[in-house]
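Let me begin by presenting the structure, written as structure tokens, before commenting on it.
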Amino acid sequence: MDLQLQSFDGKKAGTIKVSDAVFDREYNESMVHQVVTAFLAGARSGTHAQKTRSEVRGGGRKPFAQKGSGRARAGTIRSPLWRSGGTTFAAKPRDYSQKVNRKVYRSALCVILSELRRKDALVIVDKVDLATPKTKDLLAKTKALGITNALIVSENAAGNLDLASRNLYDIAATDVAHVNPVALLRFDKVVMSEDSVRKLEESLV
């Protein structure tokens with residue numbers, strides 16, 4: 001399959017041949033939903049925690065005699081029934097991550113990239129080059145491409161591209177190794193360099 005290739009300045013630069021296995025897959029909504037849900041769940045920290053009656057400080061001594069006081073028997077002042085006592089069903093840190101097979105994850109990325117291509121939301125440029133780490137220079141490049149909201153994927157996002165996009169909410173930059181389904185779906189457009197397309201094809205096919 002041949003796709004339009006542009007320069008980072010918005011000029012036409014010919015065509016590029018891409019793999020049908022990556023950019024021409026049938027859309028599978030259930031697979032995409034599963035992978036996106038698992039990715040978001042994996043980002044949850046699960047740090048909430050409460051103490052049970054055995055973890056609350058104090059309560060080692062029996063508060064009063066078992067018999068003779070007329071009160072209900074009690075063995076510790078840290079009982080959940082008492083003030084400052086432990087929690088009956090205490091919340092504990094948990095792992096929210098969901099298992100997704102590697103093959104399913106790669107297939108979902110291919111499905112998303114194929115859908116971006118069908119919706120004309122995928123822009124391939126010959127090279128993502130930025131001479132200076134200035135935000136206004138990056139905005140000038142995206143304006144030439146006719147883009148206001150995009151994820152820029154390059155072979156190496158560190159350096160000028162990372163510094164220039166750091167202060168922008170609608171423009172983000174990443175490298176091929178950190179491409180994920182949520183980032184691909186968040187933005188209106190995805191700009192990819194020719195080298196990043198080749199690296200994606202190698203890792204996904």
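The values are calculated or read from the model by the stated rules, or taken from the named source; none is laboratory data. Treat the numbers as computed from the prediction; the structure is a model and nothing was measured. Cβ sites come from the backbone with ideal geometry, for glycine too, and all protein chains shown count toward neighbours.
List of remarks:
- Figure legend. Inter-residue proximity from the stretch 173-193: first residues of a type in the set (S, T, N, Q), second residues part of a loop (DSSP other than H, G, I, E, B), beta-carbon distance below 7 Å, spacing 6+ or different chains. Indicated pairs: 174/157; 193/127; 193/128; 193/155.
- Selection within the stretch 108-154 - among the hydrophobic types (A, V, I, L, M, F, W, C) and modelled with pLDDT under 85: 128, 130, 131
- Only strands (runs of 3 or more DSSP E) whose full extent lies in the stretch 115-205 are considered here, and the ones with at least 3 residues that are within 19 Å of residue 17 (Cβ to Cβ) are 122-125, 189-193.
- Answer residue from the stretch 135-173, given it is of a type in the set (Lys, Arg) and closer than 21 Å to residue 11 by Cβ and is surrounded by the fewest Cβ atoms within 10 Å (Cβ to Cβ) among those: 136
- Residue check for residue 49: touching a Pro at 6+ places or on another chain (Cβ under 7 Å), over 24 Å from residue 118 (Cβ atoms) and surrounded by 14 or more Cβ atoms within 10 Å (Cβ to Cβ): no
- For residue 35: the one exception among (1) in a loop (DSSP other than H, G, I, E, B); (2) in the same structural domain as residue 196 (by TED's automatic domain parsing): (1)
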